[in-house]
1. Could you list, in sequence order, all residues of region 126-153 that are of a type in the set (S, T, N, Q) and modelled with pLDDT of 85 or more?
2. Just to verify a result, which residue in region 29-58, among those that are hydrophobic (A, V, I, L, M, F, W, C) and more than 16 Å from Q9 (Cα to Cα), is modelled with the lowest pLDDT?
3. Determine whether region 84-92 contains at least one residue that is surrounded by 15 or more Cβ atoms within 10 Å (Cβ to Cβ) and assigned to a helix (DSSP H, G or I).
4. Evaluate the following for L97: is it within 12 Å of the chain's Cα centre (by Cα), more than 27 Å from E6 (Cβ to Cβ) and not polar (S, T, N, Q)?
5. Of the residues R53, R15, which is surrounded by fewer than 16 Cβ atoms within 10 Å (Cβ to Cβ), assigned to a loop (DSSP other than H, G, I, E, B) and of a type in the set (K, R)?
6. Which residues, counting only those in region 24-47, are surrounded by 10 or more Cβ atoms within 10 Å (Cβ to Cβ) and more than 21 Å from G103 (Cβ to Cβ)?
7. Going by the conditions given, is D95 in contact with a Phe, Trp or Tyr (Cβ under 7 Å, 6 or more places away or on another chain) and either surrounded by 12 or more Cβ atoms within 10 Å (Cβ to Cβ) or modelled with pLDDT under 85 (or both)?
8. Condition first: under 16 Å from the mean Cα position of the chain (by Cα), over 15 Å from R8 (Cα atoms) and crowded, with 17+ Cβ neighbours inside 10 Å. Now tell me which residues in region 59-73 satisfy that.
Amino acid sequence: MVDPHEKRQFLDFLRQQGMRVTQERLVLFDEIFSRHGHIDAEDLLAGLQQQGRKISRATVYRNLDLLVDCGLVRKYRLGRNRFLFEHVHSGQQHDHLVCAECGRVVEFVSPGIAALQNEICRAHGFAPDHHTLQILGLCRSCEEDKQPAEGADPSPHPRRRSAAGGASRDAR
């Protein structure tokens, strides 16, 4: 459900920036804030186009950046070439596990990590605003896909024929 206070904050921000409140911006705002979880700009665009909305890719990206500037959305670089956006909920901090193979993103909350970050900030006289923590690796499914099949040679080294004609491993 769209929070009317957040919508007012965005509309006030647009006016302060001398920008128009357009129908496309209102549709985008409602679509973004009706979603839960991470927002992929391309998925957002595809969803709007499937609804019959005539909206350009540039409009989607430009307005997502405006929502970031307004403080209602945070932009995350997840992995090497992927950006996701998410609704900022004050006081709710979480971190991400990102699969480098399939791009799956898992949110998690760890009181232990939060406590450690607070301790580090205190020790260095640092007043944190927010943080980002991403752990890149392989999700369980991709890790299982990378495991050799039962009975398969798990060695990364190629086999070669020995002088006697049998298979032997490269000696290194």
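The values are calculated or read from the model by the stated rules, or taken from the named source; none is laboratory data. None of these values were measured; they are calculated from a predicted model. Cβ sites come from the backbone with ideal geometry, for glycine too, and all protein chains shown count toward neighbours.
1. Going residue by residue through region 126-153, those that are of a type in the set (S, T, N, Q) are 132, 134, 141, 147.
Residue satisfying the conditions is S141 alone.
2. Quick first cut of region 29-58, residues hydrophobic (A, V, I, L, M, F, W, C) only: 29, 32-33, 39, 41, 44-46, 48, 55, 58.
From what is left, the residues that are more than 16 Å from Q9 (Cα to Cα) are 39, 41, 44-46, 48, 55, 58.
Working: I39: 86, A41: 91, L44: 92, L45: 93, A46: 94, L48: 92, I55: 90, A58: 94.
Residue satisfying both the conditions and the ranking: I39.
3. Within region 84-92, none of the residues are surrounded by 15 or more Cβ atoms within 10 Å (Cβ to Cβ) and assigned to a helix (DSSP H, G or I).
4. Numbers: within 12 Å of the chain's Cα centre (by Cα): yes; more than 27 Å from E6 (Cβ to Cβ): yes; not polar (S, T, N, Q): yes.
Answer is yes for this residue.
5. Every option except R53 fails the conditions.
6. Passing the criteria: E24, R25, L26, V27, L28, F29, D30, E31, F33.
7. So D95 passes the test.
8. The one that is under 16 Å from the mean Cα position of the chain (by Cα), over 15 Å from R8 (Cα atoms) and crowded, with 17+ Cβ neighbours inside 10 Å: L64.
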